[in-house]
Amino acid sequence: MPLHVSVQDMKKKNGRILYHIVAFLVVAIWGSTFVYTKLLLLAGFTPAQIFILRFIIAYAMLLAFCLWRGIRWVADSWKDELLMAGLGVSGGSLYFLAENGSMNYTTTTNTSLIVCLCPLFASALISFFYKSQRLNRTQTIGTLMAAAGVVVVVLNGHFVLHLSPIGDTLAFVACLCWAVYSLLMIPANAKYDTVFITRKVFFYGLLSMTPYLIIYPGLNVGLLFEHSSLLWNLLFLGCVASTLCFLAWNWTMKKLGAVTVTNYVYFNPVTTILFAWLILSEPITIYFLLGTTLILGGMYLSDKRTVNA
């Protein structure tokens, strides 16, 4: 019997390690997308056009899969369907438009710093609605430590922020959007499977962009045929960064909980800088090493189980 219990505990522990690895890989991929997005922006695409095109690709892929597997089309009730719409807007259209729009008015540093602190907002929001998800003292210290690490990594020794009311407000909107998305995923994951939820996110994310397409018609698709490299960039954003990453992210939220998985957003600037070091030969500084250490230590502490209600 003790051996049986030990084997079961080992399987459960290995499973949690796998979920953590998947969550980290998703953040690593999202951290690398700035290069692909930047190239599309320089080619003449707008942030909204990039979002719409990558979500069209992602939705088409999941639609084909759902047709093949016979996965349901609608939720059990209109309230649940509204929940799916909320996920599509908060984690899709409004989030991406606010984040990309903020960089038109403020610095990349400000945007990155504000958006990457969303786990703090998510933890507070989720704790307010779900007592079982409230952080204990160790977890609180861990998430604050990780947040401090993000500040050190992003500022990189330059402790001067250029305030921009419009840009910083949009960054905060994006931050709050992801916090709301994390909150709404809790009831969604309790009733529906990951593929169904993710397909709905893409569908309502696209549907909520209809007013934009009416005002600004056209997606600049012709640019993709003029430059094949742009097509590959867009396919990466649509197939990998959207379809696979959203599926994996929603799956890990179901397995580990919204608070734990959302904390992995703290790693976003770390993976971005590592990617820039590997591809663009940008230097690694002592502030990066110090901040990464704080994030790693904070993530370890924040993974301690939440107290029960």
Taking the highest mean first, how do the peptides 241-251, 43-53 order by number of other beta carbon atoms within 10 angstrom per residue? 241-251, 43-53
Normalise the Cα radius of gyration of the chain by 2.2 N^0.38 Å (N = residues in it) and let me know the number. 1.01
With n ≥ 4 as the cut-off for DSSP H runs, can you work out [θ] at 222 nm for the chain, using -39500 (n - 2.57) per run divided by the number of residues, rounded to the nearest 500? -24500 deg cm²/dmol
Phi-derived 3J(HN,Hα) across region 17-24 with the Karplus relation (6.51, -1.76, 1.60, θ = phi - 60°), rounded Hz, x for Gly and Pro, is 4, 4, 4, 5, 5, 4, 4, 5
Give the cysteines in the chain for which no other Cys Cβ lies under 4.7 Å away, or write none if there are none. Cys66, Cys116, Cys177, Cys239, Cys245
Can you tell me the order of 87-93, 295-301, 182-188 when each peptide is scored by its average per-residue count of other Cβ atoms within 10 angstrom, highest first? 87-93, 182-188, 295-301
Percentage relative contact order, the chain, counting C-alpha pairs under 8 Å, at least six apart: 38
Options Val270, Leu113, Trp68, ranked by Cα towards positive dipole end of the chain, top entry (Cβ charges): Trp68
Which of the three applies to region 216-255, rounded, prolate or oblate, going by the alpha-carbon gyration tensor with a ≥ b ≥ c and a/c under 1.5 meaning rounded? oblate
Which whole-Hz ³J(HN,Hα) couplings does region 197-212 yield from phi under the Karplus relation 6.51 cos²θ - 1.76 cosθ + 1.60, θ = phi - 60°, glycine and proline marked x? 4, 5, 4, 5, 4, 5, 4, 6, x, 6, 4, 6, 8, 4, x, 5
Give me the accessible area per residue for the chain, probe 1.4 Å, as a whole number in Å². 50
Show me the three semi-axes of the equivalent ellipsoid for region 13-158, from the C-alpha gyration tensor (sqrt of 5 times each eigenvalue), largest first, rounded to whole Å. 28, 25, 16
What number do you get for region 113-224 when its Cα radius of gyration is normalised by 2.2 N^0.38 Å, N = residues? 1.38
List the pairs from Lys131/Lys255; Lys38/Lys254; Lys131/Lys200 whose alpha-carbon separation is above 25 Å, in the order I gave them. Lys38/Lys254; Lys131/Lys200
Where Rh is the Kirkwood radius over Cα pairs, Rg/Rh for region 177-301: 1.04
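The values are calculated or read from the model by the stated rules, or taken from the named source; none is laboratory data. Predicted, not measured: the structure shown is a model, and the values here were computed from it. Positions of Cβ are backbone-derived with ideal geometry, glycine not excepted, and every protein chain shown enters the neighbour counts. The protein model used for the area step is the full one, side chains on, heavy atoms only, and it has no ligands, DNA or RNA in it. Shrake-Rupley method; radii C 1.70, N 1.55, O 1.52, S 1.80 Å.
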